[in-house]
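Report on the structure given below.
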Amino acid sequence: MSADRAESVWSFARSLVIKAVIAEVWEHVADPARLSRWWCPPPTVQIDFEPRVGSPYEERYEDDSYEYVLTGEITAVDEMRGLVIRRRTNGRFGPTDRVAITLEPHGRDTKVSITHTFEDIPIDRRGEARDFFSDGWDFSQELLRRNVLDSR
């Protein structure tokens, strides 16, 4: 990998602890209908995939003012531990990105980390990308926490 390529890959992470065991949280990550409930403000997004490496991924977002479709694929699945999605994007922050959802034991609870990686983002767009996505990921993780606890 060239130095230029290495510098074009950049990421940031957000995490949250949920008072639930990993198996309870995993159900809300590996199932596209449940993932759709917390990924973006529901019911505006519908996600479709199978939790297996190579599965096509589709994310449809639609509300009264905006709509888009992102496609991609599932690039990693570690049962009860994590899922990685590579998406083809609209190019605002590069042509592709990766979203990794990682579950780790935290005592009897589960730490959920979302790492958003931009594969070809210009250096001068990184702050804008973090500003654009950070609050959304915090909101989404809180929705995940509520969904997990409400499903008991």
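If each of Arg60 and Asp135 carries a label point 7 Å out from its Cα toward its Cβ, how far apart are those two points in nm?
The two pseudo-label positions are separated by 2.8 nm.
Karplus couplings for segment 64-76 from phi (6.51 cos²θ - 1.76 cosθ + 1.60, θ = phi - 60°), rounded to Hz, Gly and Pro as x?
5, 10, 8, 8, 7, 10, 10, 10, x, 7, 7, 9, 7
Segment 6-73: which trypsin sites (Lys or Arg not before Pro) are DSSP loop and have at most 11 other beta-carbon atoms within 10 angstrom? All intermediate terms of the calculation are to be shown ahead of the outcome.
On the way: sites: Arg14, Lys19, Arg34, Arg37, Arg52, Arg60; in loops: Lys19, Arg52.
Here the trypsin sites (Lys or Arg not before Pro) that fit, given the DSSP loop and packing criteria, are Arg52.
Let me know the volume per residue of the alpha-carbon convex hull for the chain, in Å³.
It is 114 Å³ per residue.
Which value in deg cm²/dmol, rounded to the nearest 500, describes the helix-derived mean residue ellipticity at 222 nm for the chain, given -39,500 (n - 2.57) per DSSP H run of n ≥ 4 and division by the residue count?
-10000 deg cm²/dmol
Once amide H atoms are built 1.01 Å from N in the peptide plane, which residues 5 or more positions from Tyr57, or in another chain, come under 5 Å H to H?
Gly72, Glu73, Ile74
With unit charges on the beta carbons (Lys and Arg positive, Asp and Glu negative) and the dipole taken about the Cα centre of the chain, which residue among Ala13, Gln141, Thr110 sits farthest to the positive side?
Of the options given, the answer is Thr110.
Taking the Cβ of each residue in His28, His106 as the centre, tally the other Cβ atoms inside 10 Å and list the residues starting with the fewest.
The order, fewest Cβ neighbours first, is His106, His28.
The numbers here are math on the coordinates, done by the rules we state, and not lab data. The shown structure was predicted, so the numbers you read here are calculated from the model rather than taken from an experiment. Ideal geometry is used to build each Cβ from the backbone, glycine not excepted, and the neighbour counts take in all protein chains shown.
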